[in-house]
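Nothing in this text is a laboratory measurement; each read-out follows from the coordinates by a stated rule. These numbers were taken from a predicted model, which means no experiment stands behind them. As a convention, Cβ positions derive from the backbone with ideal geometry for all residues, glycine included, and neighbour counts pool all protein chains shown.
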Amino acid sequence: MKDFLSIGKVAKLKNVSIKSLRYYDEIGILKPALTDHTTGYRYYKEAQLYVLDAISLCIELGIPLKELKKYASSDGSYDLQRLLGDAKDLAENRIRSMYRSLETLQNTINVLESRPGRAVPAGCLARTLLSRTVLTIPFDEFTDPEHYNPKLLSLFVKAQQLGLAASYPSGIIYDYKRGGTDKYVFVHVSPLTGEGEDGAPGNWGKNIEGLRTLPSGNYITAQSDKHRIDNAGEVFKMDAKELKNRTVIETDLLKEEKSSQSVNYELQILM
């Protein structure tokens, strides 16, 4: 069995339950490379592990697992290029739908809610943002790509090591405090779809250093073609006293979020 992985080993490597692996076998989307008919034990080849990533993607996007069969060839391999292309189209459609819903919600809020002290500065917009879970590492460098990109890469590596799924958009967080400003680089993270032995999906919910939630709510935002987080006070018309104990976020923009093709970043501060 030197060249094979036991079902328990595969479950640990990919953070998926043994029960799920047996189910994938039953519906024919991930057959073991070898089954010991005496003991009933299932064994897999290392080359099969990528199929679990495809299964996780289908679950996350709401693609019925049985539809995965249409991407399979007679030898059991999968046309990942076609699967990923279809998944990308589905994800983009969902993002567009989500932002249309958010825009409708924001318009309703703007009509129903008008509170003193919530004036939006010129050049800024009010937006309702959902909560976001991010993985962070300290960042005491300049915001140019030479310093920012290596930190970002290390975050993706760290997320993978922790068993978390990292994704764009990424960005920078400034926590303004009495004694100074704590700075971080972040990426969005989510639990891997598979469950660990304790029933928790991967490392989700455990005490992970640098894992934090950016709260949902009404934000003042400002889009720009360059980093402006160091000038957040000027952008939001706030002095140092007003910024104290506040958090400013600067995030990369997805294509669907851009107000124009020339902008790349968005500053955000909770109202």
For the chain, what's the relative contact order in percent, using C-alpha pairs closer than 8 Å and at least 6 residues apart? 19
Least to most buried among Thr104, Thr221, Thr39, Thr181 (fewest other Cβ within 10 Å first): Thr39, Thr104, Thr181, Thr221
If you compute volume of the Cα convex hull per residue in Å³ for the structure shown, which of (i) 208; (ii) 228; (iii) 167 do you land on? (iii)
Ranked highest first by average number of other Cβ atoms within 10 Å, how do 92-99, 171-178 line up? 171-178, 92-99
Fewest-first ordering of Lys2, Lys158 by Cβ atoms within 10 Å yields Lys2, Lys158
What is the extension gain from Asp225 to Met98, computed as 0.36 nm multiplied by their sequence separation minus the C-alpha to C-alpha distance, in nm to one decimal? 43.3 nm
Could you tell me which of rounded, prolate or oblate describes the stretch 5-84, using a ≥ b ≥ c as the square roots of the eigenvalues of the alpha-carbon gyration tensor, with rounded for a/c under 1.5 and, failing that, prolate when a/b is larger than b/c and oblate otherwise? prolate
To test your reading of the geometry: what angle, between 0 and 90 degrees and rounded to tens, separates the Cα axis of helix 145-161 from the longest principal axis of the chain? 40
Rounded to whole Å, give me the distance from the Cα center of the stretch 1-27 to that of the stretch 132-192. 32
With the 8 Å Cα cutoff and a minimum separation of six or more residues, the stretch 5-84 has a relative contact order in percent of 24
When a footprinting reagent is the concern and you count Cβ atoms within 10 Å, what order do Glu266, Glu46 take, fewest first? Glu46, Glu266
Of Lys45/Lys70; Lys31/Lys158; Lys12/Lys158, which sit over 24 Å apart, Cα to Cα? Lys31/Lys158
